[in-house]
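Working notes for the structure below.
The values are calculated or read from the model by the stated rules, or taken from the named source; none is laboratory data. The model shown is predicted, which means the values in this text are computed figures rather than measured ones. Because the Cβ atoms are built from the backbone with ideal geometry, glycine has one as well, and the counts that use them run over all protein chains shown. Areas reflect the complete protein model, heavy atoms only, side chains present, ligands, DNA and RNA absent. Shrake-Rupley method; radii C 1.70, N 1.55, O 1.52, S 1.80 Å.
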Amino acid sequence: MAAQSRTLRNSIISLAIFFALIVALLLGVPGLDAAADRISKAKVQWVVAGVALELLSCFGYVVLFSLVFGRLGRSLSSRLSLAELAVNSAVSVSGMAGIALGAWVLRSKGFSVERIAKRSVLVFVLTSAVNVVAVALIGVAMWLGLVPGSRNPLLTLLPAGAALATIAATLALAEWARRAASARRMKGGRLTVALVAVSGGVEDALAMIRAHDWRLAGAVGYWLFDNLVLMACLAAFGHAPSFWVVAMAYLVGMLANSVPVPGGFVAVEGGLVGMLLLFGVRPASVAIAAVIVYRAISLWVPALIGSVAFASLRGEIGKPAAPLVSG
């Protein structure tokens with residue numbers, strides 16, 4: 001527990017240092033002073049709205065987590081999911097750090113490695129699926145002129161095609177993993193666990209989608225409200241493009257979150273600013289200011305509430321969970 005606490009503490013310190021450097025750059029680098037001036041003049045009501053929307057995004061993740069890990073009970077499930085968000089806010093790699101924290105806590109409560117792995121894959125697939133499917137649909141609709149935005153195929157059809165390819169590749173990988181796991185069933189080992197987790201996680205995700213459980217709305221809310229935070233931050237500076245433009249820009253920025261640096265620093269910001277500029281957000285100082293405020297909200301809100309949740313988990317470590325019913 002002490003090691004996990006140090007990791008989270010050091011990551012939050014890294015967040016503070018990063019934003020201190022951002023402030024120094026805005027104040028000291030010629031050309032960025034316009035963005036700094038805009039930030040000081042942001043409309044407070046929109047920034048407050050952004051914070052509220054980020055809280056709703058966090059709540060969406062809590063709802064989804066409770067669907068996947070219902071055996072934990074509402075209280076523990078809520079705290080553990082928020083703790084995962086805190087770690088994900090400060091440590092990048094596409095949510096892997098938060099999953100690792102969750103796996104450590106679940107293992108201490110008697111969950112098998114196989115079950116943890118499969119359920120972790122399930123959470124990852126469900127949260128990623130919303131973004132991927134949304135980009136495919138929005139990209140095609142935007143190219144056809146059904147929704148406002150660019151009709152440039154490089155900005156619409158290319159991301160949509162990549163999203164469809166990702167879906168196909170995920171399904172193919174799951175099928176391959178199922179066959180490979182069957183062939184290795186008697187051998188055991190980490191590779192077999194990984195293969196079963198991938199095939200079982202994707203299979204369970206498809207089953208949940210077909211079952212239309214209302215808690216799947218948590219995955220949609222997790223993605224949707226975070227998009228709306230970025231939109232609110234743009235509105236805070238008097239320029240809010242359509243939701244469709246924001247959603248497409250959001251995808252590329254969040255893809256940059258897979259870069260293994262704390263919080264995806266610089267990579268995410270650069271991706272978001274670049275895409276907003278390509279979609280016509282002007283002047284550049286508006287895009288820079290909006291993205292900085294968005295990142296401050298999207299990183300600090302889950303980091304702070306998740307840290308409180310993490311601290312409350314200390315007494316839960318090692319206590320067995322309720323008897324397993326299914327899954």
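On full extension, the segment bounded by residue 43 and residue 154 gains 36.6 nm, given 0.36 nm per residue less the C-alpha separation.
Qualifying trypsin sites (Lys or Arg not before Pro) in the range 109-179, where qualification requires a DSSP coil assignment and no more than 13 other C-beta atoms within 10 Å, comprise 151. Each of residue 312 and residue 278 was given a label point 7 Å from its Cα along the Cα-to-Cβ line. The distance between the two points is 4.1 nm. Ranked by the mean number of other Cβ atoms within 10 Å of their residues, highest first, the peptides 302-308, 224-230, 165-171 fall in the order 224-230, 302-308, 165-171. When 79, 295 are compared by accessible area at a 1.4 angstrom probe, the order from most to least is 79, 295. With 0.36 nm allotted per residue and the present C-alpha distance subtracted, the residue 144-residue 175 stretch has 7.8 nm of extension available. Between residue 113 and residue 190, the contour length at 0.36 nm per residue exceeds the alpha carbon distance by 26.8 nm.
Across all C-alpha atoms in the range 136-248, the radius of gyration and Dmax reach 19.1, 62 Å.
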